[in-house]
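The values are calculated or read from the model by the stated rules, or taken from the named source; none is laboratory data. Everything numeric here is computed off the predicted structure, so don't read it as measured data. All Cβ positions, even for glycine, are placed from backbone atoms using ideal geometry, and neighbour counts span all protein chains on display. Protein only, heavy atoms only, side chains kept; ligands, DNA and RNA dropped before computing areas. Shrake-Rupley method; radii C 1.70, N 1.55, O 1.52, S 1.80 Å.
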Amino acid sequence: MMLQLTTEGWILAVLASMAVGMAKGGLAMVAIIAVPILSLVMSPVQAAGLLLPVYVASDLGGLIAYRHNFDRRVLATSLPGAIAGIGLGWATAHIVPAKGVTLIVGLIGLVFALNALIRPDLSGQPRRTSAVRGSIWGGLAGYTSFVSHAGMPPYQVYIQPLRLSPLVFAGTTTWFFAICNWIKLIPYAALGQLSMANLKAAALLIPASLLSVWLGLWLVKVIPQVLFYKLITWGLLLVSIRLIWQVVSS
């Protein structure tokens, strides 16, 4: 059985998979548009199930590219909370509406992006890693990542003030979400979101995603660090507004 999509649907699916690949190459915020794009032609739950295998396959390309560029302290302080957040998402999958989570993600991202743009001191002295902050924001990232692969805004609230170099920022982000995605395979399979139709469609989308990993990697290397963080902040702002609008207009 193959997933039935129109020509427009397949075009959107390819664009979504390319966004996932570019994110794994270092342009982390790009991936957050993947599920909203696919939600134009299918339910958000089905879109999330379709894209998880694409995420997992793209993770391999990202991990190879950033095998030496990641911060172990960030992972150690954020992953325990993320695992707990994924578990909470699994436990409440049939209770919490996806729209509510989407709204929370959008509001968190909006507040952080506006704060980063208004307060110049955020670009000054780097903040230290913290087990408390890492657990809180890692937990929110794990939970929202489970629901709609939208864990980047809360994760970014924790990692961006650390002022990592672009390559280490990209590599640490890739490792964090790769581990989250591997863990998510278990509850997604248990909830029936990895249907044979979704897996077959995902297999067709994976090549475009893998090629896009290297495009993202190249862009990270050529973009200056100051511009890199400005682009991430503005990208977060625009995506957050889009997520909020998506909820209030529906």
Practice problem: Can you work out which of the residues in region 63-75 that are in a helix (DSSP H, G or I) and touching a residue at least 24 places away in the same chain (Cβ under 8 Å) is nearest to Leu162 (Cα to Cα)? | Solution: Val74
Quiz item: Is it the case that region 88-101 has a residue that's assigned to a loop (DSSP other than H, G, I, E, B), open to solvent by 50 Å² or more (accessible area, probe 1.4 Å) and either among the polar types (S, T, N, Q) or in contact (Cβ under 8 Å) with a residue 24 or more places away in the chain (or both)?
Solution: yes
Exercise. Check whether at least one residue in region 58-65 is surrounded by fewer than 24 Cβ atoms within 10 Å (Cβ to Cβ), under 30 Å from Leu204 (Cβ atoms) and among the β-branched types (Val, Ile, Thr), and report yes or no.
Key: yes
Quiz prompt | Output for region 131-150, where each listed residue is open to solvent by less than 10 Å² (accessible area, probe 1.4 Å), modelled with pLDDT of 85 or more and farther than 14 Å from Gly87 by Cα | solution = Gly134
Quiz item: How many residues are surrounded by 14 or more Cβ atoms within 10 Å (Cβ to Cβ) and at pLDDT 75 or above if we restrict to region 219-230?
Solution: 4
Exercise. Tell me, please, whether a residue that is over 17 Å from the mean Cα position of the chain (by Cα), farther than 14 Å from His149 by Cβ and at pLDDT 85 or above can be found in region 28-42.
Key: no
Practice problem: Identify, from the list Gln4, Gln46, the residue that is polar (S, T, N, Q), over 15 Å from Ala170 (Cβ atoms), open to solvent by 10 Å² or more (accessible area, probe 1.4 Å) and assigned to a helix (DSSP H, G or I). | Solution: Gln46
Practice problem: Sort out which residues of region 23-43 are open to solvent by less than 50 Å² (accessible area, probe 1.4 Å), in a helix (DSSP H, G or I) and of a type in the set (A, V, I, L, M, F, W, C), and write them in order of number. | Solution: Ala23, Ala28, Met29, Val30, Ala31, Ile32, Ala34, Val35, Ile37, Leu38
